[in-house]
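Single-structure report; data block below.
The values are calculated or read from the model by the stated rules, or taken from the named source; none is laboratory data. A quick note: this is a predicted structure, and the numbers were derived from the prediction, not measured. Methodologically, a virtual Cβ is constructed for each residue, glycine included, from the backbone with ideal geometry; neighbour enumeration extends over all protein chains shown.
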Ligand code: OFO
């Protein structure tokens, strides 16, 4: 059974994952209308993943006797200046989410809720991967600078990255 405190924190985390999904969806839409199809595919995919993270938490809360709450949607920003700026924001956002996850893990230890602590380890590992990926992509963009050809190749690489992640996950 979840304590009220952990239930509240898990529901807050549901909201963070939901916000991540909406944020990446807004970025995907921007990239799509600007002609960055690969970047857009990658971000649509990230948005889906974040929704999956939200659902995983959602089910866990109810399984453990809590009540998972559908969060209210805040409107994410819709315009971004450059692809580089988008990935700066992705990295910043992922770092913020990691901080929240760490706070939740810490609260689990304080409350001696080892089941939730164990469940949250998946999120800890996922955040390490996502922060790393965002950092790697940002490093590439920094190397590319203002080179249009480089940006074209970057966009193409992201299309294949999104496609391979999709086939690994077995989704159409
Ligand atoms: Fe949910 O993995 Fe990032 O935010």
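For residues that are near the ligand (Cβ under 9 Å from one of its atoms) and more than 26 Å from residue 62 (Cα to Cα), tally how many sit in region 119-131.
Total meeting the criteria: 3.
Could you please find all residues in region 68-90 being touching a residue at least 12 places away in the same chain (Cβ under 8 Å) and within 23 Å of residue 144 (Cα to Cα)?
Within region 68-90, 79, 80, 83, 84, 86, 87, 88, 89, 90 meet the criteria.
I'd like the full set of residues that are away from the ligand (no atom under 16 Å from the Cβ) and free of Cβ contacts under 8 Å to residues at least 60 places away in the same chain, limited to region 26-40.
Within region 26-40, 29, 30, 31, 32, 33, 34, 35, 40 meet the criteria.
Please list, ordered by first then second residue, the pairs with beta carbon atoms under 9 Å, 6 or more apart or interchain, first in region 91-117 and within 10 Å of residue 9 (Cβ to Cβ) and at pLDDT below 95, second more than 11 Å from the ligand (Cβ to nearest atom) and assigned to a loop (DSSP other than H, G, I, E, B).
Pairs found: none.
Tally the residues that are surrounded by fewer than 16 Cβ atoms within 10 Å (Cβ to Cβ), free of Cβ contacts under 8 Å to residues at least 24 places away in the same chain and in a helix (DSSP H, G or I), restricting the search to region 141-154.
Number satisfying all stated conditions: 6.
Within region 87-102, identify whether any single residue is under 15 Å from residue 24 (Cβ atoms), in a helix (DSSP H, G or I), away from the ligand (no atom under 15 Å from the Cβ) and under 15 Å from the mean Cα position of the chain (by Cα), and answer yes or no.
Yes; the residues of region 87-102 include at least one that is under 15 Å from residue 24 (Cβ atoms), in a helix (DSSP H, G or I), away from the ligand (no atom under 15 Å from the Cβ) and under 15 Å from the mean Cα position of the chain (by Cα).
Mind checking whether some residue in region 41-57 is more than 15 Å from the chain's Cα centre (by Cα), without any contact (Cβ under 8 Å) to a residue 60 or more places away in the chain and surrounded by fewer than 17 Cβ atoms within 10 Å (Cβ to Cβ)?
Checking region 41-57: not a single residue is more than 15 Å from the chain's Cα centre (by Cα), without any contact (Cβ under 8 Å) to a residue 60 or more places away in the chain and surrounded by fewer than 17 Cβ atoms within 10 Å (Cβ to Cβ).
Considering every residue within region 58-71, establish whether at least one is closer than 17 Å to residue 122 by Cβ, assigned to a helix (DSSP H, G or I), under 17 Å from the mean Cα position of the chain (by Cα) and within 12 Å of the ligand (Cβ to nearest atom).
No, region 58-71 contains no residue that is closer than 17 Å to residue 122 by Cβ, assigned to a helix (DSSP H, G or I), under 17 Å from the mean Cα position of the chain (by Cα) and within 12 Å of the ligand (Cβ to nearest atom).
Just one of 134, 159, 163 is within 12 Å of the ligand (Cβ to nearest atom), closer than 17 Å to residue 36 by Cβ and in contact (Cβ under 8 Å) with a residue 40 or more places away in the chain; which is it?
134
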